[in-house]
Amino acid sequence: MTVTTPTAGDGVAARLVATRHRVAAAERSAGRAAGTVRLLLATKTVPAELVRAALVADAAARQSAATAVAPVLVGENRVQELVAKAPALADLAPELHLIGPLQSNKVNHTLCWAACVQTVDSVELASRIGERAGVMDRSVDVMVQVNVSGEATKRGVAPELAADLAAAVAATPALTLRGFMTVGANSPDLAVVRAGYAGLREIRDAVLASAAPGTATATELSMGMTGDLEAAIAEGATIVRVGTAVFGARVG
Ligand SMILES: *Cc1c(COP(=O)(O)O)cnc(C)c1O
């Protein structure tokens with residue numbers, strides 16, 4: 001639960017500003033309007049105090065910005081970490097997303113804190129979340145995770161099955177299908193990474209064009225990390241998930 005680089009809130013604040021600039025520059029060079037890409041802080045292994053420092057710095061920076069900027073989202077990979085840190089951030093009311101695998105016995109805990117589960121990769125998981133959300137009398141935002149690279153180590157539904165899963169999720173009561181999420185290919189060739197991101201965009205566009213019930217809200221593309229966010233933004237990312245660029249390299 002440590003980071004190697006200086007853990008002072010100051011360092012995080014400066015890196016957050018730099019990351020915001022990076023996203024803005026990528027929006028510009030992709031010919032996209034400013035503010036069309038939201039920044040999600042990937043906070044695995046980052047202590048709650050440091051996440052808090054980032055959120056406080058973000059709020060201050062947004063207040064002094066000339067134009068309206070959406071607050072950062074916070075994404076946790078592990079339910080255990082989500083549940084451990086969320087209470088310490090609750091007064092700042094960040095929008096929390098789960099960006100790692102969800103086992104069905106952890107759905108309850110997740111829904112206590114997360115507004116969105118980005119990692120739905122089966123009908124079974126979708127129905128389980130839908131069931132629990134129904135019991136809690138609320139609706140839950142979800143995204144379908146797609147394995148665009150086909151790498152065996154990556155989670156997510158195969159691209160050719162993504163549209164069917166999306167339609168099933170969209171038809172599940174108490175779930176709102178927000179869009180699609182992927183972890184890009186682990187390749188030094190940016191063209192390969194970028195082709196995967198283009199593939200996710202094509203899946204989303206096809207699902208939107210299908211006009212299947214409940215799919216009209218499926219506009220989000222959660223893709224791109226510290227190493228490749230420019231490629232993702234060029235291919236239409238609406239959420240980039242950044243850890244290292246803001247918090248430094250992870251060791252644990
Ligand atoms: C860790 C992680 C990120 C952020 O990766 P960085 O390279 O540190 O920016 C994004 N998405 C997921 C799912 C992650 O696990």
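Values as computed for the structure displayed
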item: Count of the range 97-113 residues which are within 14 Å of the ligand (Cβ to nearest atom) and farther than 22 Å from Pro159 by Cα; result: 1
item: Positions within the range 184-216 being among the small types (Gly, Ala, Ser) and under 15 Å from Val157 (Cα atoms), in sequence order; result: Gly184, Ala185, Gly196, Gly199
item: Residue within the range 45-65 that is away from the ligand (no atom under 14 Å from the Cβ), open to solvent by 70 Å² or more (accessible area, probe 1.4 Å) and either within 25 Å of Leu221 (Cα to Cα) or small (Gly, Ala, Ser) (or both) present; result: yes
item: First in the range 231-252 and more than 19 Å from Ala48 (Cβ to Cβ) and open to solvent by 20 Å² or more (accessible area, probe 1.4 Å), second anywhere and in a loop (DSSP other than H, G, I, E, B) and near the ligand (Cβ under 8 Å from one of its atoms), Cβ under 6 Å, 6 or more apart; result: Ala245/Thr226
item: Failed item, numbered, when Leu82 is tested on (1) closer than 19 Å to Ala168 by Cα; (2) touching a strand residue (DSSP E or B) at 6+ places or on another chain (Cβ under 7 Å); result: (1)
item: Pairs with Cβ under 9 Å, 6+ apart, first in the range 39-51 and on the phi > 0 side of the Ramachandran plot, second in a loop (DSSP other than H, G, I, E, B) and more than 11 Å from the ligand (Cβ to nearest atom); result: Thr45/Met1; Thr45/Thr2; Thr45/Val251; Thr45/Gly252
item: Options Ala198, Ala171, Ala162; residue that is farther than 21 Å from Ala33 by Cβ, open to solvent by less than 40 Å² (accessible area, probe 1.4 Å) and modelled with pLDDT of 95 or more; result: Ala162
item: Qualifying positions in the range 202-230 - within 16 Å of the ligand (Cβ to nearest atom) and open to solvent by less than 10 Å² (accessible area, probe 1.4 Å); result: Leu221, Ser222, Met223, Gly224, Leu229
item: Single unsatisfied condition, Asp164 versus (1) touching a helix residue (DSSP H, G or I) at 6+ places or on another chain (Cβ under 6 Å); (2) away from the ligand (no atom under 16 Å from the Cβ); result: (1)
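A quick yes/no check of all residues on (1) of a type in the set (D, E, K, R); (2) surrounded by 16 or more Cβ atoms within 10 Å (Cβ to Cβ):
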| residue | (1), (2) |
| --- | --- |
| Cys116 | no, yes |
| Thr119 | no, yes |
| Gly130 | no, yes |
| Arg138 | yes, no |
| Val142 | no, yes |
| Ser149 | no, yes |
| Ala152 | no, no |
| Gly156 | no, yes |
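The values are calculated or read from the model by the stated rules, or taken from the named source; none is laboratory data. Computed from a prediction, not measured in an experiment: that's the story for all the values here. Using ideal geometry, Cβ is built from the backbone for each residue, glycine included, and neighbour counts are taken over all protein chains shown. In case anyone asks, the SASA skips ligands and DNA or RNA and just uses the protein heavy atoms, side chains included. Shrake-Rupley method; radii C 1.70, N 1.55, O 1.52, S 1.80 Å.
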